[in-house]
1. Go over the candidates D119, D62, D107, D87 one by one and state the one that is over 29 Å from L187 (Cβ atoms) and not β-branched (V, I, T).
2. Output the residue which, of all residues in segment 220-239 that are in a helix (DSSP H, G or I) and in contact (Cβ under 8 Å) with a residue 40 or more places away in the chain, is nearest to A21 (Cα to Cα).
3. Please go through segment 51-87 and give me each residue that is within 23 Å of I106 (Cα to Cα), buried (at least 18 other Cβ atoms within 10 Å of the Cβ) and away from the ligand (no atom under 16 Å from the Cβ), ordered by number.
4. Tell me which residues, restricted to segment 1-12, are in a helix (DSSP H, G or I) and of a type outside the set (S, T, Y).
5. Considering L177, L200, which residue is within 13 Å of the ligand (Cβ to nearest atom), closer than 29 Å to T340 by Cα and outside any loop (DSSP other than H, G, I, E, B)?
6. Can you report the number of residues in segment 220-230 which are within 14 Å of the ligand (Cβ to nearest atom) and either over 10 Å from D332 (Cβ atoms) or acidic (D, E) (or both)?
7. Could you list, in sequence order, all residues of segment 156-176 that are surrounded by 21 or more Cβ atoms within 10 Å (Cβ to Cβ) and hydrophobic (A, V, I, L, M, F, W, C)?
8. Being modelled with pLDDT of 95 or more and in a loop (DSSP other than H, G, I, E, B) is the filter here, so list the residues in segment 245-273 that pass it.
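The values are calculated or read from the model by the stated rules, or taken from the named source; none is laboratory data. Just so you know, these numbers come straight off a predicted model, no measurement behind them. Positions of Cβ are generated from backbone atoms using ideal geometry, with glycine treated the same way; all protein chains shown enter the neighbour counts.
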Amino acid sequence: MPRPLVATIEISALQHNLAVAQSCAPRTKVWAVVKANAYGHGLARGMQGFAAAHGLGLIEVDGAVHLREFGWSGPILLLEGVFEPADLQVVAKHQIQIAVHCREQIDMLERAQLASQVDVHLKMNSGMNRLGFKPDAYRSAYDRLRALPIVRNIALMTHFANADDAANLRMPLAEQLRRFQETTAELPGERSLSNSAACLLHPEAAGDWIRPGIMLYGATPGVKSAAAFGLKPAMTLTSEIIGIQQISAGETVGYGSGFVADASMKVGIVACGYADGYPRHAPTGTPIVVDGVRTRVVGRVSMDMICVDLAPIPQAHVGSSVTLWGEGLPIDEVATAAGTVGYELMCALAPRVRVIEK
Ligand SMILES: *Cc1c(COP(=O)(O)O)cnc(C)c1O
């Protein structure tokens with residue numbers, strides 16, 4: 001008997017969400033981002049769900065090769081570029097496009113002997129101060145790349161720090177956009193700037209390609225609710241009640257005995273714990289659905305189980321269905337309660353969880 005814990009991945013939701021992303025910027029091409037195993041949904045499933053995308057973007061070089069092996073013949077972009085010179089051979093062989101964000105990556109290209117040309121995306125650090133060349137170093141990096149016979153097209157890219165937060169005045173999106181546009185005004189090449197938050201909230205930044213990730217999986221980067229944007233959850237994590245305890249006022253639940261019942265209550269034990277990817281820091285009160293009714297986690301999350309308050313579901317029994325997140329319970333709500341983001345929950349889905357496709 002398998003454990004009742006299952007992650008159901010809905011390919012049609014991936015397709016639907018891609019169409020929503022495209023509708024944010026109708027004339028723009030789309031890099032569907034499938035890094036981190038398609039945000040925990042499975043790389044092959046991501047490829048299937050995003051068949052209508054113009055290209056697939058990811059971080060992992062081996063993942064890019066897998067996409068070719070799975071039959072993806074369209075553009076692939078390595079969003080952080082290569083990590084060592086040997087990667088360039090792989091990239092040239094499989095016609096994988098690469099970001100170039102630092103001097104050392106240009107050094108590697110200058111020294112490389114490649115059988116074919118590569119397309120590169122020159123990354124600007126327009127204010128996030130993570131990857132990329134600062135505006136004052138951008139033009140000389142461009143010129144170095146342009147001088148290399150093995151470089152075919154040079155596209156221009158940057159990444160926003162606060163596309164989800166208009167109130168952030170430390171580095172407003174408009175300032176990053178201004179720096180990017182000013183620095184690249186004279187340069188040819190396709191532009192890409194927008195992550196999901198920028199796609200949803202800043203159509204003015206769209207450029208020639210957008211790079212949505214999280215929204216394609218039916219969650220948001222912390223803006224409104226996914227449903228308000230017409231997004232559908234692609235991953236639903238479900239399990240069952242595997243035990244029930246009747247406890248009295250004053251009794252406690254789980255490790256540390258941190259939860260104390262203030263009245264007699266029934267506690268349901270759910271087959272899902274932090275070894276499955278459920279966040280260990282989810283506190284008492286984190287939303288969870290039992291037999292279609294919303295209730296709360298009580299006590300500490302353990303490795304293989306969590307405990308839930310069955311007061312609102314008196315008919316609940318061993319075998320009752322439980323939704324941890326997804327259809328019927330937005331992953332963003334669970335993430336917020338646990339002090340994290342939907343991204344982290346999806347990506348942390350553990351290998352031991354059975355996955356089925358719908
Ligand atoms: C992950 C990533 C994205 C997608 O970001 P979301 O917030 O998931 O939409 C876009 N661009 C780059 C460079 C990334 O690494």
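1. D62
2. Applying the filter and picking the extreme gives F229.
3. Scanning segment 51-87 gives a single hit, D87.
4. Pass one, segment 1-12, residues in a helix (DSSP H, G or I): 11-12.
Passing the criteria: only I11.
5. Being within 13 Å of the ligand (Cβ to nearest atom), closer than 29 Å to T340 by Cα and outside any loop (DSSP other than H, G, I, E, B) holds for just one of L177, L200, which is L200.
6. Residues that pass the stated criteria total 1.
7. The answer is L156, M157, F160, A163, L173.
8. Once the filter is applied, which keeps residues that are modelled with pLDDT of 95 or more and in a loop (DSSP other than H, G, I, E, B), segment 245-273 yields S248, A249, G250, E251, G254, A261, D262, A263, S264, C272, G273.
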